[in-house]
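Working notes, beginning with the structure itself.
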Amino acid sequence: MTTISGCHVFDDFTQPEGMSDSEWAARCELAACYRVFDDLGWTELIYNHITLRLVDATPPAFLINPFGLHYSEVTPLNLVKVDGDGNILGNRDYPINPAGFTVHAALHHGLPGAHCVMHTHTTAGVAVACSAAGLRSDNFYSAQLQTRVAYHDFEGVTVNPEEGPRLIRSIDGKKAVILRNHGLLSWGGSIPEAFTYLWTLNRACEIQLATSMMGPSLAIAPEITEKCARDALQFDPAFGAGRDVFDALVRVAFKR
């Protein structure tokens, strides 16, 4: 039985013989994250991805959602294990999305701290990604992110491996990323950390989109945004880096 913050998850699934405890725990937490995204409405039919690096995998590998399933259908067992070249390791019941693999593999390979990578096409996120101004410094959430946001220019559908190094250069170590004309992306050392960055970025975009319908917005002074960024403790590993929020959302998702 696997628990996340005291919540029983996926009780109907059994750890396969020969699978390490760390891989099984990773599969359960990642599958639970897909359920959280579904609860939040962060789904795009069968598209978009959350991936998680397997720390004990040889060769290096990460987990990705099976292409063709809705987020609500993802389980610990049907998550696909894939290496850095796109080879499926183990269970081959489902394929992977080449466009999703290209971006996520680039980050897992190019950023040592990118254990988890998340990508969404929420309406608010895509709207801000299409805005020439990008994320404005005019609300509570965007103020916390001004020193943490990177931008990457649109190059078309992300199936070209040559885009990977350019994406890494654009990111420049920042964990909240706006893919121009495309959507939002985040990464972190854990699922909760990546989630915290993505939730804050998406929330900032939602408020910006709503504010844009009301005329000119009130900008926040640079010295205040700098202070907000320093005081945004939810990103700090010393304060859990989002673990408490993520665990709460898992508990809610598995009570339904």
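Within a straight-line Cα-Cα reach of under 14 Å, K81 can be paired with the following aspartates and glutamates, leaving aside sequence neighbours fewer than 8 residues apart in one chain: E23, D56, D93.
Of the solvent-accessible surface of the chain, computed with a 1.4 Å probe and all protein chains present, 56% belongs to carbon and sulfur. Positive end of the dipole of the range 159-241 (Cβ unit charges, origin at the Cα centre): among A241, P165, G189, the Cα lying farthest that way belongs to P165.
For the range 125-256, what does the alpha-carbon gyration tensor say about shape, rounded, prolate or oblate, given a ≥ b ≥ c as the root eigenvalues, a/c under 1.5 as rounded, and a/b over b/c as prolate?
Numbers: a/c = 1.43, a/b = 1.07, b/c = 1.34.
It comes out rounded by the Cα gyration axes.
Nearest 500 deg cm²/dmol is fine: what mean residue ellipticity at 222 nm does the chain get from its DSSP H runs of n ≥ 4 alone, each adding -39,500 (n - 2.57), divided by its residue count? Mind showing how you got there, number by number?
Working: 8 runs with 98 residues, N = 256.
Mean residue ellipticity at 222 nm (helix-derived): -12000 deg cm²/dmol.
Quick check on the range 40-190: take the gyration tensor over C-alpha atoms, sort the square-rooted eigenvalues as a ≥ b ≥ c, and tell me if it's rounded (a/c under 1.5), prolate or oblate. In terms of gyration-tensor shape, prolate. Solvent-accessible area per residue in the range 197-256 equals 62 Å², computed with a 1.4 angstrom probe and all protein chains kept.
Filter the chain for me: DSSP H helices, axial length by Cα at least 24 angstrom, mean Kyte-Doolittle hydropathy not below 1.0. List them by residue number.
Details: long enough: 21-40 (29 Å, -0.14); 191-212 (31 Å, 0.27).
Helix filter hits for the chain: none.
Using a cutoff of 8 angstrom between alpha carbon atoms and counting only pairs six or more residues apart, the relative contact order for the chain works out to 20 percent.
Working note: Karplus 6.51/-1.76/1.60 with θ = phi - 60° gives the range 65-73 the couplings 5, x, 6, x, 9, 6, 4, 5, 9 Hz, where Gly and Pro are set to x.
Would you mind getting the accessible area per residue of the range 50-112, heavy atoms of the protein chains only, 1.4 Å probe, in Å²? Numbers along the way, then the final one.
Details: 2640 Å² over 63 residues.
Ligands and nucleic acids excluded, the figure is 42 Å² per residue.
Can you tell me the relative contact order of the range 119-256? Whole percent, Cα pairs under 8 Å, sequence separation 6 or more. List each step's numbers first, then the result.
Numbers: 193 pairs, mean separation 44.7, N = 138.
Relative contact order here is 32 percent.
Secondary structure note: in the range 92-244, about 70% of the DSSP beta bridges are antiparallel.
The values are calculated or read from the model by the stated rules, or taken from the named source; none is laboratory data. None of these values were measured; they are calculated from a predicted model. Note: ideal-geometry Cβ built from the backbone for every residue, glycine included; neighbour counts use all protein chains shown. Heavy atoms of the whole protein, side chains included, go into the accessibility calculation; ligands, DNA and RNA do not. Shrake-Rupley method; radii C 1.70, N 1.55, O 1.52, S 1.80 Å.
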